[in-house]
Amino acid sequence: MTLESKSTLRIEEATLAYALIRGDAALPYLIFLHEGLGCTAMWGDFPERLCRATGCPGLVYDRAGYGQSSPLPAGTQWDTGYLHRSSQRELPQVMARLVPPSAPYILVGHSDGGSIALIHGAERNPRLRGIVTIAAHVFVEAVTLVGIRDALAAWRVGKLAGLARYHGEKTADVFRLWSDAWLDPAFASWNIEALLPRIDVPLLVMQGQDDQYGTARQVHSIARHSAGPAKEALLPRCGHSPHKECPEAVLAASAEFIRSLATRMPLDRTAV
């Protein structure tokens, strides 16, 4: 199982970088959604390893303004709807261009990407088979804001300079947009729990027990309020990026979950 292609596509006013991972076309596509400071490259080899373990084809892409995708327009500011826009506008356009129109799919989202996956799940696309979230947020906690303020302090003294390896000249904008949005007082009331009862596909909800941006309340809320079956997984000795900090545990849990969906759920080849 290897990368089939790396390329770009144009949607609206942005050019997005993406990579496809080869797999069995009869199995669901795994669509990977990166974190708020992330990109395709920052997943490391996790997408390829998960596709290899499940046999599924995969798609990873950089959202507009991230990684190898085009920068956002000068002066762009994010408000409380930025995750909804990524889920309801950008993701459907990417899928329409890169995923076969009849193919089922499973979303795998980390942090912001996990929240984007849950918002998308509430749309009840008939081709969606399940969602894997890693450190997703559904509301703002005090620890979330403390973690972001700590990241901001680290940024100001140059401790996050390594992000430039992934985002290049866009790095300052990537960090500014993310930190300004979450630290805006208006964002304190951001909450997507009301969407969770509309999610009726199976969920695997993972989070590190030492996550500096959220507590187990996030996991419990997602599992308790969603309409479909949900499995909680709190991973010991892991922080905000369990797929990097304890990759074997995350791979094993994710692969088991995905294989169970691919074998027990019929593939709807007529859904549009």
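Rule-based calculations on the coordinates, nothing more; no lab input. Here the structure is a predicted model, which is why all the values come from computation and not from measurement. Cβ placement follows ideal geometry from the backbone for every residue including glycine, while neighbour counts extend to all protein chains displayed.
The Cα atoms of the range 3-264 cover 49, 38, 31 Å along the three principal axes, with the biggest extent listed first. With helices as the sole contributors, the chain gives -10000 deg cm²/dmol at 222 nm; each DSSP H run of n ≥ 4 counts as -39500 (n - 2.57), and the sum is divided by every residue. Taken along its three principal axes, the alpha carbon spread of the range 1-146 comes to 41, 30, 29 Å, from the longest extent down to the shortest. Identify which of Ala135, Ala25, Ala181 has the largest mean-square fluctuation in a Gaussian network model of the chain, with springs joining Cα atoms closer than 10 Å. Sorting by GNM fluctuation, first place goes to Ala25.
Over the range 3-264, Cα pairs under 8 Å with separation of 6+ residues give a relative contact order of 19 percent.
Taking the DSSP bridge list for the chain and keeping only pairs wholly inside it, about 35 percent are antiparallel. Of the peptides 10-17, 42-49, the order by per-residue mean of other Cβ atoms within 10 Å, starting with the highest, comes out as 42-49, 10-17. Highest mean packing comes first when the peptides 111-119, 213-221, 163-171 are listed by Cβ atoms within 10 Å, giving 111-119, 213-221, 163-171.
For Thr54, neighbours were defined as the other residues whose beta-carbon sits under 13 Å from its Cβ, and their charges (Lys and Arg +1, Asp and Glu -1) total +2.
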